[in-house]
Structures are given as structure tokens and as C-alpha cells.
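The values are calculated or read from the model by the stated rules, or taken from the named source; none is laboratory data. As the structure is a prediction and not an experimental result, all values here were calculated from the model. Here the Cβ is made from the backbone with ideal geometry for all residues, glycine too, and neighbour counts use every protein chain on show. For the accessible areas, the whole protein counts, side chains as well, though only heavy atoms, and no ligand, DNA or RNA atoms are used. Shrake-Rupley method; radii C 1.70, N 1.55, O 1.52, S 1.80 Å.
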Amino acid sequence: QVQLVESGGGLVQAGGSLRLSCAASGRAFSSYAMAWFRQAPGKEREFVAAITAISWSGYSTYYADSVKGRFAISRGNAKNTVYLQMNSLKPEDTAVYYCAADSSGYYGDSPTEYDYWGQGTQVTVSL
């Protein structure tokens, strides 16, 4: 079983930056694909970014078009942690951000593809 603990959300002005952290506990963390989703009030949960399971060839990252060039997902080297660095934040980025894990090691842009979820952390971007 995987437990995900998120941190780093908060209030930031437009143009600012935040770094979200997702600490994963459990075995075989490197075998999981990890992702970030977000959900604004009245909207469906939206794919933000994903990072594939670690293999001999490394891993790959994937991003929604709305965040390409602004957000970066990464894995920590010393800890079982996944980050989402968010730069050039816009008011439209305001949402609850969720960390998710897929034990298959594959990535996907649908919430149904992921087995484990964090509790979510609020990100609010003001003008």
C-alpha cells in the first residue's frame, strides 16, 4: 500500500511560484508512475503532469498543454518524493492539487488510471 502526503500549497500572486511536494511511503516506489492532477470548483479533475516509473533508461515526464513550460514534475533523489515546481502562476491555476500514484508504472491522463491519491492541497493564485 502507498500513502501520499502532500505539502507546499498556499496563496500566491499571479506570476509567482510554488513547489508542491508529495512524499510517498510504501515499497517499490520507483516502480510507480506518479502524477499531479488538479480540480477547480465545478470542474472535473484535470491532468497536470506525470512522471513514469524509474527503469534502467531513466524516466519520462508528461504535461498538460496548459502548464507546459511553466510547471515541472520531478523525482527526488534521496527521498521517495515527487515535486511539482509551478512557475509563472496564473489565476486559472487556482485549484486543489492532488498527487496520484499508479502501481503499474504506466502514466495516463485519466484519474481512473491511478491507484493511490493524496488528500489534496489548495493552490490559490490571486491577481
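Annotations
- Taking first residues from the stretch 40-64 that are touching a residue at least 40 places away in the same chain (Cβ under 8 Å) and partners that are of a type in the set (Lys, Arg), the Cβ contacts under 8 Å between residues at least 6 apart in sequence or on separate chains come to Arg45/Arg38; Glu46/Arg38; Val48/Arg38; Ile51/Arg75.
- The stretch 58-83, residues that are open to solvent by 40 Å² or more (accessible area, probe 1.4 Å), in contact with a helix residue (DSSP H, G or I) (Cβ under 9 Å, 6 or more places away or on another chain) and over 18 Å from Tyr106 (Cα atoms): Ser66
- Output for the stretch 68-127, where each listed residue is among the polar types (S, T, N, Q) and more than 20 Å from Glu44 (Cα to Cα): Ser74, Asn77, Asn80, Thr81, Gln85, Asn87, Ser88, Ser103, Ser104, Ser126
- Enumerated strands (runs of 3 or more DSSP E) restricted to the stretch 1-96, each holding at least 1 residues that are under 14 Å from the mean Cα position of the chain (by Cα) and either at pLDDT 95 or above or closer than 19 Å to Asp115 by Cβ (or both): 3-7, 18-25, 33-39, 46-51, 61-63, 71-75, 81-86
- Scanning the stretch 95-116 for residues that are among the hydroxyl-bearing types (Ser, Thr, Tyr) and crowded, with 19+ Cβ neighbours inside 10 Å, we see that the one that is nearest to Val2 (Cα to Cα) is Tyr114.
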